[in-house]
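The values are calculated or read from the model by the stated rules, or taken from the named source; none is laboratory data. Every value quoted in this text rests on a predicted model; they were computed, and no experiment measured them. Positions of Cβ are generated from backbone atoms using ideal geometry, with glycine treated the same way; all protein chains shown enter the neighbour counts.
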Amino acid sequence: MINFLEFGLTAPDASIIGVIEEGGASGLAGSGGVVSLGPDMPMPENSAGIITGSLLASLDAVTKARTISRLVQLRRAGATFVLLTHDEALLESCADEIWWLRDGKLVGRGDPAEVLAQYRRYVAKSLRESGRGREATPAPVLRDGDGRAELRNIELLGADGAGSIVWNSGEQVTIRVTVKFNGDVDDPVIGILIRTRIGLNVYGTNTELENIHFGPMRAGDTVRVTYRFQCELCAGDYTVTAASHDPDGVWHDWLEDAVAFAVADERYTAGVANLRARVVAEVLPRV
C-alpha cells in the first residue's frame, strides 16, 4: 500500500493508480519508490512502486508493451503501482483509478473514464482560453506573386468575434483576408486553403467558387473577404494559406502556410473532419 498523506490518499493494494499531475508541485516523482522498468522487472520492494511517464517514454514500442503487460501481471500478484503520466491512452488501458492533481492539490479522483473526461474538458477549455485575444501573425513558408496585389492581413476570429489562434471543434469561426492592390487587376480571385500540420489539404475555397466578383480593381483599392464557417475539425494543428490571383491562376500574392491555428476538443476523434456522427447500437435477434 502506498500512502500520500499530504493528499489524504491511499493507493489500495493490487492496483495501478494513474496520476495526472499539473504544475509538478506535489513532489510525487521525488517521493521515493521509483521502480526500474523492463519486461522482466521483479516485484517492487514492499510490493509498491512509482513509475514516471518519462521512464516509459524512454522505452521502445515493443519493450514498452511488454513492460505494461508485466505491470498488469505484478498487479494481479498483489503489487501496487502509481503511474505518473499524461498518456491518456495508457491510463485508459491499465489504470484502476485516476488521481488528478493541479498545483499540488487533488482536483479529481475516481473511475478513469469519468476523470479523464473531466480532464479533457478542462484541457480543451484552457487551450481555447490560451488562444483568445491572440492575433494570428503571418509567417509564410513561401511568398510569391507578381506584386499587383498584396495580402495585408489574415485574421482568425472565434465565435465571439475576437481574434484567436485556438478554436473549439464545432465553433463558428471566421477567416478574414484583406488585400490591397498595387496595380490594375481586371477580375481578382481571393482564396484560402486550410491544411493539417503535415500538409494535407483539408478545405479550400475562393471568391470565384463562391460566385463573388469584384469587377476591375485599380491601384490603391483595398478589399476584405470574410469566410465564416463551423469549425468541424478534429483537435490538432492547422495552417491557412491565402492568395490573390487571376482566374487563370497567375498569382498576385501567395502566402503559403501563412498563419497557424489549433483546434481543441474535449474528446478524442481520429482523423481530420469531425463529422459528429450520431451512433445507435442494437443487439439483433438470433436467427
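Looking at the stretch 52-67 only, could you name the residues that are among the β-branched types (Val, Ile, Thr) and in a helix (DSSP H, G or I)?
Correct list: 62, 63, 67.
Of everything listed in (1) of a type outside the set (S, T, N, Q); (2) at pLDDT below 95; (3) over 27 Å from residue 158 (Cβ atoms); (4) crowded, with 16+ Cβ neighbours inside 10 Å, the single unmet condition for residue 249 is (4).
Would the stretch 55-67 turn up any residue that is among the charged types (D, E, K, R), modelled with pLDDT under 80 and over 28 Å from the mean Cα position of the chain (by Cα)?
No; the residues of the stretch 55-67 include none that is among the charged types (D, E, K, R), modelled with pLDDT under 80 and over 28 Å from the mean Cα position of the chain (by Cα).
Note on the stretch 73-97: residues that are over 26 Å from the mean Cα position of the chain (by Cα) and loosely packed, with under 14 Cβ neighbours inside 10 Å total 4.
For the stretch 6-51, filtering for residues that are part of a loop (DSSP other than H, G, I, E, B), of a type in the set (A, V, I, L, M, F, W, C) and either modelled with pLDDT under 85 or on the phi < 0 side of the Ramachandran plot (or both) leaves 5. Got at least one residue in the stretch 117-135 being assigned by TED's automatic domain parsing to the domain that holds residue 11 and assigned to a helix (DSSP H, G or I)? No: the stretch 117-135 contains no residue that is assigned by TED's automatic domain parsing to the domain that holds residue 11 and assigned to a helix (DSSP H, G or I).
Let me confirm something: among 128, 120, 102, which residue is surrounded by 16 or more Cβ atoms within 10 Å (Cβ to Cβ) and modelled with pLDDT under 90?
102
Checked against the criterion of being more than 21 Å from residue 239 (Cα to Cα), in contact (Cβ under 8 Å) with a residue 12 or more places away in the chain and out of contact with any strand residue (DSSP E or B) (no Cβ under 8 Å at 6 or more places or on another chain), the candidates 121, 218, 148 yield just one match: 121. If you go through the stretch 94-114, how many residues are touching a residue at least 40 places away in the same chain (Cβ under 8 Å) and assigned to a helix (DSSP H, G or I)? The number of residues fulfilling the criteria is 2.
Only strands (runs of 3 or more DSSP E) whose full extent lies in the stretch 171-273 are considered here, and the ones with at least 2 residues that are out of contact with any His (no Cβ under 8 Å at 6 or more places or on another chain) and within 20 Å of residue 141 (Cα to Cα) are 172-181, 189-196, 201-206, 236-245, 251-264. Is it the case that the stretch 206-228 has a residue that's closer than 25 Å to residue 270 by Cβ and polar (S, T, N, Q)? No, the stretch 206-228 has no match at all.
Considering the stretch 252-281, the residues that are exposed (fewer than 13 other Cβ atoms within 10 Å of the Cβ) and under 13 Å from the mean Cα position of the chain (by Cα) include one that is nearest to residue 122 (Cα to Cα), namely 268. Taking the conditions (1) outside any helix (DSSP H, G or I); (2) surrounded by 13 or more Cβ atoms within 10 Å (Cβ to Cβ); (3) not β-branched (Val, Ile, Thr) in turn, residue 139 satisfies each one other than (2). Among the residues of the stretch 148-171, at least one is surrounded by fewer than 20 Cβ atoms within 10 Å (Cβ to Cβ), closer than 26 Å to residue 248 by Cα and of a type outside the set (Asp, Glu).
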